[in-house]
Amino acid sequence: MPGVSVTIITRDEAAHIGAAIFNHATGIQAVHVPFKVLGDVFAETLAGNVHYFIFTVPSTLPMIKDGRLRALAVTTAKRSVALPDVPTFAEAGFPAARSDGWFGIVAPAGAPRRIVAQVSRDVAQMLRDPKLVQRFALQGAEVTAADISSEMLRVAQTLARHYTIEIQTAKIFAEAMPFQDGAFDCVYGNGVLHHVELEPALREISRVLAVGGRAVFIEPLAHNPAIQVYRWLAREVRTPTERPFVFKSFRMVRRYFPTMVHREFWLLSLGIFLYYYFIERVDPRVDRYWKRILRDGWRVERAFRLLHRTDEVILRALPWVRRWCWNTVIVLEKR
């Protein structure tokens with residue numbers, strides 16, 4: 001489109017480069033007008049003085065949602081989960097206009113290694129904060145819920161709607177995931193690995209996880225006799241493929257993730273199960289105890305918190321009893 005003058009922005013290098021790529025791909029001849037702050041860009045765009053600009057989804061999403069701005073396309077390879085109705089440039093007929101952005105934290109070249117390592121650990125810890133993860137999702141981070149169960153995918157969608165988060169869902173087998181290599185920065189699963197063929201699943205998790213990415217799983221353990229009795233009582237409502245973790249299972253995990261760490265929890269806290277069975281007479285074949293805790297755990301919250309604090313003291317003083325806990329948290333990192 002030679003001869004068409006279009007005003008663009010900005011002093012943001014990624015956005016500036018993205019706009020230049022778009023201009024080249026479409027043949028548009030545009031005038032670059034830099035602004036110091038994004039608010040001025042919004043004002044000039046609403047006034048009709050700026051014809052278009054390219055910027056991040058989180059920064060522009062509120063004004064797109066309330067109708068003051070119109071999103072024409074996204075520069076990424078696939079649609080944004082925050083704007084599912086907005087096409088990609090490729091879908092709009094301009095495949096060469098693709099551009100991606102990312103954010104990083106840098107330090108001077110001579111910064112002490114111990115400081116760099118500490119900052120890296122602190123940032124990694126922050127990125128594991130559920131509230132921060134939720135904030136990213138609310139601002140447009142792409143989240144995919146994957147499960148073999150359609151019911152669990154419906155539960156995930158219900159929770160997402162409750163928090164006004166857009167997510168994608170995929171009914172899959174963990175041993176053969178339909179995702180590209182390095183597709184995810186973070187993978188999380190609760191009670192997943194003990195339902196699947198462990199080695200093929202680990203191989204797939206390693207494949208779809210980006211370098212530097214982390215995977216976190218919560219899995220049940222098989223060592224505690226009380227838990228084995230509970231599982232036997234609830235055998236009619238349990239799936240025959242369940243294989244709770246044993247400590248030697250970690251050896252296989254380390255073949256694919258050598259830096260794996262794990263931490264066990266719920267030892268005396270299992271007393272809640274005894275309360276349900278002996279005091280409230282809850283049949284585990286009718287009402288799964290862990291679901292009951294999620295549903296009306298507030299009724300036993302005070303006792304549970306006391307047992308949990310006691311667990312923390314015992315497990316800190318006697319780490320060898322960890323194997324008798326009900327659950328373990330497994331943290332994996334792809335190097």
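The values are calculated or read from the model by the stated rules, or taken from the named source; none is laboratory data. Only a predicted model underlies this, so the values are computations on that prediction, with no experimental measurement involved. Positions of Cβ are backbone-derived with ideal geometry, glycine not excepted, and every protein chain shown enters the neighbour counts.
Here are some notes:
- Test for Tyr230: is it in contact with a Phe, Trp or Tyr (Cβ under 9 Å, 6 or more places away or on another chain) and either over 30 Å from Phe179 (Cβ atoms) or surrounded by fewer than 14 Cβ atoms within 10 Å (Cβ to Cβ) (or both): yes
- All positions within segment 208-227 that are of a type outside the set (Val, Ile, Thr), over 15 Å from Pro258 (Cα atoms) and surrounded by 15 or more Cβ atoms within 10 Å (Cβ to Cβ): Phe217, Glu219, Pro220, Leu221, Ala222, His223, Asn224
- For Thr169, the criteria (1) within 14 Å of the chain's Cα centre (by Cα); (2) closer than 17 Å to Glu333 by Cα; (3) without any contact (Cβ under 8 Å) to a residue 40 or more places away in the chain hold in every case but one, which is (2).
- Meets criteria (at pLDDT 75 or above and of a type in the set (D, E, K, R)) for Glu166: no
- Filter result (farther than 27 Å from Ala77 by Cα, among the hydrophobic types (A, V, I, L, M, F, W, C) and either at pLDDT 80 or above or in contact with a strand residue (DSSP E or B) (Cβ under 7 Å, 6 or more places away or on another chain) (or both)) within segment 34-61: Ala43, Leu46, Ala47
- Hits in segment 3-29 (condition: part of a loop (DSSP other than H, G, I, E, B) and modelled with pLDDT under 60): Gly3, Val4, Ile9, Thr10, Arg11, Asp12
- Matching residues in segment 59-95 - criterion: being of a type in the set (Gly, Ala, Ser) and touching a Phe, Trp or Tyr at 6+ places or on another chain (Cβ under 7 Å): Ala73
- Some residue of segment 30-52 being in a loop (DSSP other than H, G, I, E, B), under 15 Å from Phe89 (Cβ atoms) and touching a Leu at 6+ places or on another chain (Cβ under 9 Å): yes
- Subset of segment 96-119 [small (Gly, Ala, Ser) and either assigned to a loop (DSSP other than H, G, I, E, B) or modelled with pLDDT under 75 (or both)]: Ser99, Gly101, Gly104, Ala107, Ala109, Gly110, Ala111
The rows are residues; the columns are (1) surrounded by fewer than 18 Cβ atoms within 10 Å (Cβ to Cβ); (2) outside any loop (DSSP other than H, G, I, E, B); (3) of a type outside the set (Lys, Arg).
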site	(1), (2), (3)
Tyr275	yes, yes, yes
Lys291	yes, yes, no
Arg299	yes, yes, no
Arg305	yes, yes, no
Arg309	yes, yes, no
Arg322	no, yes, no
Val331	yes, yes, yes
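- Scanning segment 174-201 for residues that are over 18 Å from the mean Cα position of the chain (by Cα) and either more than 19 Å from Val331 (Cβ to Cβ) or surrounded by fewer than 16 Cβ atoms within 10 Å (Cβ to Cβ) (or both) gives Glu175, Ala176, His195, Glu197, Glu199, Pro200.
- Subset of segment 233-273 [among the polar types (S, T, N, Q) and surrounded by fewer than 16 Cβ atoms within 10 Å (Cβ to Cβ)]: Thr239, Thr241, Thr259
- Taking the criterion of being among the aliphatic types (A, V, I, L, M) and assigned to a helix (DSSP H, G or I), the only residue of segment 277-289 that qualifies is Ile279.
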